[in-house]
Amino acid sequence: MTGRFQLNFPEPRPRDGWFKLGGFDVTTTALLVGLGVLSMFAYAISPSSLSKLGFVPELVRDGELWRLVTWPIATDPSIWALISLAFFWIFGHRIEEMVGRTRFTRLVAILIVMPAIVVTVLGISRGGAVGIGLLGTAMLCIFAADQPNAPFFFGIPAWVIAVIFVALDVLQYVGNRWWGVLVQLLLTCALALVVMRQFGELRETMSFIPQVFGDSKTSGSRGGRSAKPAKRKKQSRDFDRVVTQGPWNGPTPGDQAEMDRLLDKMNSVGLSDVERKRLSELGKRLRGS
């Protein structure tokens, strides 16, 4: 009888983190969310400490340059801040798994610093940003551009949800005459899509954005890894004879991992036509047909 009411939590999902903390993979997304949670406790200890982290263009021009970097982790304890952290956790990990931890870190660094520099240099009035919500909106825009028809609440497509979120922010900032925050929002979302195109992503939906940087032949690889195989050292003649006799059409060790990833994505947000075709090919290969 006691087993009926036993509460079991799922195992932590394995991710490509920078390091492990116990059995937990610390990714760039997890690190930013963790710093945001810690800043809530810092606020409880000293509320004034949080005000030293937020982005304020006037103070940056006065020499407080660290504000260009620290503003996403300045999180005051509130239910909306907690929702923003959860929002970034979900979509940040989606994008980090898409492009890999190195490229994702570069993407986040660009989104944090570049729009803030533009607002500071232009001297736009009523500028400033705190918390990770702006980055979360950018991650949602990337996800919606990659999977525009993925169903959300009540089956609403992802692109509609992204448009609604951005439009609500725009209306709020215009109503409050926060022109600097408005420019930072629009620059962040636009820059997110441009950087993703330079990584070779969003080719089916954002092809009108030119890919100036990166190798178009290898840009479609996921996880930030090049699709071009590394050169193998020349082996001995006996070894070559053994390898060439092997069954090259059979499944590879990575097929099962790729199939698991596609199945997980299908159960959560759905697959594109290309991904469904790839899933079918993997299934046939693993069955030996």
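Values in this text are rule-based calculations from the coordinates and carry no lab data. Treat the numbers as computed from the prediction; the structure is a model and nothing was measured. Here Cβ is always computed from backbone atoms with ideal geometry, including for glycine, and neighbour counts include all displayed protein chains.
In sequence order, segment 80-94 has phi-based couplings of 5, 5, 5, 5, 4, 5, 5, 4, 5, 4, 5, 7, x, 5, 4 Hz under the Karplus curve 6.51 cos²θ - 1.76 cosθ + 1.60, θ = phi - 60°, and Gly or Pro positions carry x.
Between the beta carbons of W18 and V113, assuming R0 = 25 Å, the FRET efficiency works out to 0.80 to the nearest 0.05.
A simple count of charges around G92, restricted to other residues whose Cβ falls under 12 Å of its Cβ and scoring Lys, Arg +1 and Asp, Glu -1, yields +1.
Sparse packing (at most 11 other Cβ atoms within 10 Å of the Cβ) combined with a DSSP loop state is found for none of the trypsin sites (Lys or Arg not before Pro) in segment 48-79.
Each residue of segment 164-176 was assigned a 3J(HN,Hα) from its phi angle through the Karplus curve 6.51 cos²θ - 1.76 cosθ + 1.60 (θ = phi - 60°); the sequence is 5, 4, 5, 4, 5, 5, 4, 4, 5, 5, 5, x, 8 Hz, with glycine and proline shown as x. The mean sequence separation of alpha-carbon pairs under 8 Å and at least six residues apart, normalised by the residue count of segment 11-198, gives a relative contact order of 22 percent. 3J(HN,Hα) along segment 136-147, derived from phi through the Karplus expression 6.51 cos²θ - 1.76 cosθ + 1.60 where θ = phi - 60°, amounts to x, 5, 5, 5, 5, 4, 5, 4, 5, 6, 7, 10 Hz, with x in place of Gly and Pro. For A74, the amide hydrogen comes within under 5 Å of the amide hydrogens of G131, counting only partners 5 or more places away or on other chains and with H modelled in the peptide plane. Centre-to-centre separation between the Cα atoms of segment 158-198 and those of segment 46-96: 17 Å.
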